[in-house]
1. Taking the conditions exactly as written (open to solvent by 70 Å² or more (accessible area, probe 1.4 Å), part of a loop (DSSP other than H, G, I, E, B) and within 23 Å of ARG141 (Cβ to Cβ)), does GLU85 satisfy them or not?
2. Determine, yes or no, whether ASP60 is open to solvent by 60 Å² or more (accessible area, probe 1.4 Å) and either touching a Lys or Arg at 6+ places or on another chain (Cβ under 8 Å) or not aromatic (Phe, Trp, Tyr) (or both).
3. Quick one: is GLY90 more than 34 Å from the chain's Cα centre (by Cα) and open to solvent by less than 60 Å² (accessible area, probe 1.4 Å)?
4. (1) modelled with pLDDT under 85; (2) open to solvent by 90 Å² or more (accessible area, probe 1.4 Å); (3) among the charged types (D, E, K, R): which one isn't true of ASP51, the others all being true?
5. Taking ILE151 as the residue in question, decide whether it is among the β-branched types (Val, Ile, Thr) and either touching a strand residue (DSSP E or B) at 6+ places or on another chain (Cβ under 7 Å) or not in a loop (DSSP other than H, G, I, E, B) (or both).
6. With the checklist (1) within 17 Å of the chain's Cα centre (by Cα); (2) open to solvent by less than 90 Å² (accessible area, probe 1.4 Å); (3) not charged (D, E, K, R) in hand, flag the one item LEU72 doesn't pass.
7. So which residues in the stretch 93-115 are under 16 Å from VAL138 (Cα atoms) and either open to solvent by 60 Å² or more (accessible area, probe 1.4 Å) or in contact with a strand residue (DSSP E or B) (Cβ under 7 Å, 6 or more places away or on another chain) (or both), if there are any at all?
8. Quick one: which of GLU130, GLU137 is part of a helix (DSSP H, G or I) and open to solvent by 100 Å² or more (accessible area, probe 1.4 Å)?
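The values are calculated or read from the model by the stated rules, or taken from the named source; none is laboratory data. Not measured: the values here are computed from a predicted model. Glycine gets a Cβ as well: all are built from the backbone with ideal geometry, and neighbour counts include every protein chain shown. With ligands, DNA and RNA removed, areas are computed over all heavy atoms of the protein, side chains included. Shrake-Rupley method; radii C 1.70, N 1.55, O 1.52, S 1.80 Å.
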Amino acid sequence: MKTAEQELQSLNEELAAATEELSAANEEIQSGNAERLTANSQLTRITADLDNFIYTASHDLKSPILNIEGLLKVLGRKVLPQLPEDKAIGEILEMMTTSVSRFKQTITDLTDIARIQKQSAEEPEQVYLEKVVEDVEVDLRQQILESEARI
(Lines give C-alpha, C1' and ligand atoms only; values in the text may rest on other atoms or scores of the structure.)
Protein backbone atom coordinates (compact mmCIF):
# COMPACT_ATOMS: atom_id res chain seq x y z
CA MET A 1 0.00 0.00 0.00
CA LYS A 2 1.27 3.45 -0.94
CA THR A 3 1.78 5.96 1.70
CA ALA A 4 0.32 9.41 1.44
CA GLU A 5 3.78 10.78 0.79
CA GLN A 6 4.31 8.37 -2.12
CA GLU A 7 0.92 9.29 -3.59
CA LEU A 8 1.76 12.96 -3.25
CA GLN A 9 5.12 12.37 -4.94
CA SER A 10 3.39 10.48 -7.79
CA LEU A 11 0.82 13.27 -8.24
CA ASN A 12 3.61 15.87 -8.28
CA GLU A 13 5.43 13.95 -11.01
CA GLU A 14 2.21 13.68 -13.08
CA LEU A 15 1.58 17.39 -12.56
CA ALA A 16 5.14 18.24 -13.63
CA ALA A 17 4.76 16.13 -16.79
CA ALA A 18 1.39 17.75 -17.57
CA THR A 19 2.91 21.19 -17.00
CA GLU A 20 5.73 20.40 -19.43
CA GLU A 21 3.20 19.23 -22.04
CA LEU A 22 1.11 22.38 -21.57
CA SER A 23 4.21 24.53 -21.81
CA ALA A 24 5.26 22.86 -25.09
CA ALA A 25 1.72 23.23 -26.47
CA ASN A 26 1.69 26.90 -25.43
CA GLU A 27 4.99 27.52 -27.24
CA GLU A 28 3.60 25.84 -30.34
CA ILE A 29 0.47 28.01 -30.23
CA GLN A 30 2.52 31.17 -29.74
CA SER A 31 4.74 30.22 -32.68
CA GLY A 32 1.66 29.63 -34.86
CA ASN A 33 0.21 32.97 -33.79
CA ALA A 34 3.45 34.74 -34.68
CA GLU A 35 3.41 33.10 -38.13
CA ARG A 36 -0.22 34.16 -38.65
CA LEU A 37 0.59 37.72 -37.60
CA THR A 38 3.48 37.82 -40.07
CA ALA A 39 1.29 36.42 -42.87
CA ASN A 40 -1.50 38.87 -42.01
CA SER A 41 0.96 41.76 -42.10
CA GLN A 42 2.25 40.62 -45.50
CA LEU A 43 -1.30 40.30 -46.86
CA THR A 44 -2.15 43.77 -45.59
CA ARG A 45 0.91 45.19 -47.39
CA ILE A 46 0.07 43.29 -50.58
CA THR A 47 -3.52 44.55 -50.47
CA ALA A 48 -2.30 48.13 -50.02
CA ASP A 49 0.14 47.67 -52.92
CA LEU A 50 -2.65 46.31 -55.13
CA ASP A 51 -4.93 49.20 -54.19
CA ASN A 52 -2.16 51.65 -55.08
CA PHE A 53 -1.54 49.85 -58.37
CA ILE A 54 -5.24 49.94 -59.26
CA TYR A 55 -5.44 53.64 -58.42
CA THR A 56 -2.28 54.44 -60.41
CA ALA A 57 -3.27 52.28 -63.39
CA SER A 58 -6.77 53.71 -63.58
CA HIS A 59 -5.44 57.25 -63.24
CA ASP A 60 -2.79 56.66 -65.93
CA LEU A 61 -5.34 55.11 -68.30
CA LYS A 62 -7.88 57.93 -67.97
CA SER A 63 -5.80 60.54 -69.76
CA PRO A 64 -5.07 58.56 -72.94
CA ILE A 65 -8.63 57.28 -73.21
CA LEU A 66 -9.97 60.83 -72.86
CA ASN A 67 -7.58 61.88 -75.62
CA ILE A 68 -8.84 59.07 -77.85
CA GLU A 69 -12.42 60.08 -77.10
CA GLY A 70 -11.66 63.68 -78.08
CA LEU A 71 -9.93 62.58 -81.27
CA LEU A 72 -12.91 60.41 -82.22
CA LYS A 73 -15.22 63.41 -81.79
CA VAL A 74 -12.99 65.55 -84.00
CA LEU A 75 -12.74 62.77 -86.56
CA GLY A 76 -16.52 62.40 -86.58
CA ARG A 77 -17.02 66.12 -87.14
CA LYS A 78 -14.44 66.18 -89.96
CA VAL A 79 -15.16 62.91 -91.78
CA LEU A 80 -18.92 62.43 -91.57
CA PRO A 81 -19.88 65.66 -93.37
CA GLN A 82 -17.44 64.81 -96.19
CA LEU A 83 -18.69 61.24 -96.65
CA PRO A 84 -22.43 61.33 -95.89
CA GLU A 85 -23.18 58.46 -98.29
CA ASP A 86 -20.76 56.06 -96.57
CA LYS A 87 -22.78 54.74 -93.60
CA ALA A 88 -20.11 52.18 -92.72
CA ILE A 89 -17.73 54.91 -91.55
CA GLY A 90 -20.41 56.36 -89.29
CA GLU A 91 -21.14 52.92 -87.86
CA ILE A 92 -17.44 52.28 -87.26
CA LEU A 93 -17.05 55.64 -85.52
CA GLU A 94 -20.11 54.84 -83.40
CA MET A 95 -18.66 51.44 -82.44
CA MET A 96 -15.32 53.06 -81.56
CA THR A 97 -17.07 55.68 -79.46
CA THR A 98 -19.08 52.97 -77.70
CA SER A 99 -15.89 50.99 -77.07
CA VAL A 100 -14.20 54.06 -75.58
CA SER A 101 -17.23 54.65 -73.33
CA ARG A 102 -17.15 51.05 -72.17
CA PHE A 103 -13.40 51.30 -71.54
CA LYS A 104 -13.99 54.41 -69.44
CA GLN A 105 -16.68 52.52 -67.52
CA THR A 106 -14.25 49.64 -66.94
CA ILE A 107 -11.73 52.07 -65.47
CA THR A 108 -14.43 53.52 -63.24
CA ASP A 109 -15.50 50.02 -62.17
CA LEU A 110 -11.90 49.11 -61.39
CA THR A 111 -11.56 52.18 -59.19
CA ASP A 112 -14.87 51.37 -57.51
CA ILE A 113 -13.74 47.81 -56.78
CA ALA A 114 -10.61 49.08 -55.06
CA ARG A 115 -12.67 51.54 -53.04
CA ILE A 116 -15.26 48.94 -52.06
CA GLN A 117 -12.60 46.46 -50.97
CA LYS A 118 -11.33 49.02 -48.50
CA GLN A 119 -14.77 49.42 -46.99
CA SER A 120 -16.59 46.91 -44.89
CA ALA A 121 -18.67 44.28 -46.60
CA GLU A 122 -21.66 45.76 -48.37
CA GLU A 123 -24.96 44.18 -49.29
CA PRO A 124 -24.89 42.27 -52.58
CA GLU A 125 -26.23 44.12 -55.57
CA GLN A 126 -28.87 42.70 -57.88
CA VAL A 127 -27.60 42.09 -61.40
CA TYR A 128 -29.98 42.30 -64.33
CA LEU A 129 -29.01 39.63 -66.81
CA GLU A 130 -30.76 41.37 -69.70
CA LYS A 131 -28.53 44.43 -69.28
CA VAL A 132 -25.41 42.25 -69.11
CA VAL A 133 -26.38 40.47 -72.34
CA GLU A 134 -27.07 43.81 -74.03
CA ASP A 135 -23.62 45.07 -73.00
CA VAL A 136 -21.98 41.93 -74.36
CA GLU A 137 -23.92 42.31 -77.62
CA VAL A 138 -22.62 45.87 -77.93
CA ASP A 139 -19.06 44.66 -77.38
CA LEU A 140 -19.44 41.90 -79.96
CA ARG A 141 -21.59 43.83 -82.41
CA GLN A 142 -19.12 43.68 -85.29
CA GLN A 143 -18.47 39.96 -84.86
CA ILE A 144 -22.22 39.29 -84.62
CA LEU A 145 -22.87 41.24 -87.83
CA GLU A 146 -20.02 39.55 -89.69
CA SER A 147 -21.01 36.06 -88.64
CA GLU A 148 -24.74 36.79 -89.08
CA ALA A 149 -25.29 35.33 -85.62
CA ARG A 150 -28.64 35.62 -83.89
CA ILE A 151 -28.88 36.23 -80.18
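1. Values: open to solvent by 70 Å² or more (accessible area, probe 1.4 Å): yes; part of a loop (DSSP other than H, G, I, E, B): yes; within 23 Å of ARG141 (Cβ to Cβ): yes.
When the stated conditions are applied, GLU85 passes them.
2. Details: open to solvent by 60 Å² or more (accessible area, probe 1.4 Å): yes; either touching a Lys or Arg at 6+ places or on another chain (Cβ under 8 Å) or not aromatic (Phe, Trp, Tyr) (or both): yes.
Yes: the conditions hold for ASP60.
3. Values: more than 34 Å from the chain's Cα centre (by Cα): yes; open to solvent by less than 60 Å² (accessible area, probe 1.4 Å): yes.
Criteria met by GLY90.
4. Tallying (1) modelled with pLDDT under 85; (2) open to solvent by 90 Å² or more (accessible area, probe 1.4 Å); (3) among the charged types (D, E, K, R), ASP51 fails exactly one: (2).
5. no
6. Every condition holds for LEU72 apart from (1).
7. Of all residues in the stretch 93-115, those under 16 Å from VAL138 (Cα atoms) come to 93-106.
Answer for the stretch 93-115, where residues must be under 16 Å from VAL138 (Cα atoms) and either open to solvent by 60 Å² or more (accessible area, probe 1.4 Å) or in contact with a strand residue (DSSP E or B) (Cβ under 7 Å, 6 or more places away or on another chain) (or both): GLU94, MET96, THR97, SER99, ARG102, PHE103, LYS104, GLN105, THR106.
8. Numbers: GLU137 fails: open to solvent by 100 Å² or more (accessible area, probe 1.4 Å).
It is GLU130.
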